[in-house]
Amino acid sequence: MKIIEKFPNVYELDGWLATKSICVGTRVYGERIVREGKDEYRTWDLHRSKLAAAIKKGLKEFPIAPSSKVLYLGAASGTTASHISDILTKGELYCVEFAQRSMRDLIAVCEARPNMVPIFADARTPSQYSKDIGECDVLYQDVAQPDQSKILLSNANACLKYGGFSMLCIKSQSIDVTKDPKIVYEKVIADLEPCFEVLQKIDLHPYDEDHLFLHLRKK
Ligand SMILES: C[S@@+](CC[C@H](N)C(=O)[O-])C[C@H]1O[C@@H](n2cnc3c(N)ncnc32)[C@H](O)[C@@H]1O
């Protein structure tokens, strides 16, 4: 098998995106496991994770280093978060989620992974958790809400260091189903520009329709 390290701790196994598991012997969402010697790789589903789709579609720079402190808004049951946890071999991952059902699954994932902390909170009120987690290097957001930009800005203000990176998944249908997605994306970008420099925009088609992935740096 041909294994390429695409970014630190992010691999391609014969073209399949994967992370090396820090929690050997466990699956999170039914992903395929590949064993190579004593290592275990978890394949990363491009249709289940917008971060995986963004990497596949040409994300140029990967802002998450193995030692980063990452705040994840909208962690759901931990699909993408578990891969970020694999990448953060010396880092920390704080996962905010407000749906009880998802939180139950997320807690189970966090219990098996020492670098993951679940936070049962509404991402609209970062004051609930910002003091506990302190400044982060990376802010990842996938909340599918009409006020996505406001949520990102308030969290960046409360928890992201200057020069820190953010990744935002914009779901245009959650903001305005009646508008052309391009118009929706332009408005979100205009809202974010006072706080962020846009480093890259990636349309997630065909993995997620009407979704734009933004890679940003805090000014
Ligand atoms: C599209 S799903 C996230 C999928 C996940 N990022 C993944 O790739 O595995 C959006 C999640 O955001 C959560 N969410 C939406 N608004 C939120 C808010 N204001 N605070 C916390 N979580 C929120 C939802 O409950 C849902 O689980």
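Summary of computed values
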| quantity | calculated |
| --- | --- |
| K161 in a strand (DSSP E or B), open to solvent by 60 Å² or more (accessible area, probe 1.4 Å) and touching a Cys at 6+ places or on another chain (Cβ under 9 Å) | yes |
| Sole exception among (1) open to solvent by less than 70 Å² (accessible area, probe 1.4 Å); (2) in contact with a helix residue (DSSP H, G or I) (Cβ under 8 Å, 6 or more places away or on another chain); (3) touching a residue at least 40 places away in the same chain (Cβ under 8 Å) for A156, by number | (2) |
| Flag for S77 being under 21 Å from G30 (Cα atoms), outside any helix (DSSP H, G or I) and within 14 Å of the ligand (Cβ to nearest atom) | yes |
| Residue list for region 53-74, restricted to those being within 10 Å of the ligand (Cβ to nearest atom) and open to solvent by 10 Å² or more (accessible area, probe 1.4 Å) | G74 |
| Verdict on D142 being on the phi < 0 side of the Ramachandran plot, among the charged types (D, E, K, R), open to solvent by less than 40 Å² (accessible area, probe 1.4 Å) and within 16 Å of the ligand (Cβ to nearest atom) | yes |
| Conditions (1) of a type outside the set (A, V, I, L, M); (2) open to solvent by 30 Å² or more (accessible area, probe 1.4 Å); (3) assigned to a helix (DSSP H, G or I): number failed by K201 | (3) |
| Some residue of region 186-193 being over 17 Å from the mean Cα position of the chain (by Cα) and buried (at least 20 other Cβ atoms within 10 Å of the Cβ) | yes |
| Of all residues making up region 8-24, the number that are closer than 20 Å to R113 by Cα and open to solvent by 60 Å² or more (accessible area, probe 1.4 Å) | 4 |
| Per-region count, region 97-137, residues open to solvent by less than 20 Å² (accessible area, probe 1.4 Å), in a strand (DSSP E or B) and more than 14 Å from the ligand (Cβ to nearest atom) | 1 |
| Criterion violated by D208 - all others in (1) closer than 20 Å to N155 by Cα; (2) open to solvent by less than 50 Å² (accessible area, probe 1.4 Å) satisfied | (1) |
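The values are calculated or read from the model by the stated rules, or taken from the named source; none is laboratory data. Please read these numbers as outputs of a predicted model, since none were measured by experiment. Cβ coordinates were reconstructed from backbone atoms using ideal geometry, including for glycine residues, and neighbour counts include every protein chain displayed. The protein model used for the area step is the full one, side chains on, heavy atoms only, and it has no ligands, DNA or RNA in it. Shrake-Rupley method; radii C 1.70, N 1.55, O 1.52, S 1.80 Å.
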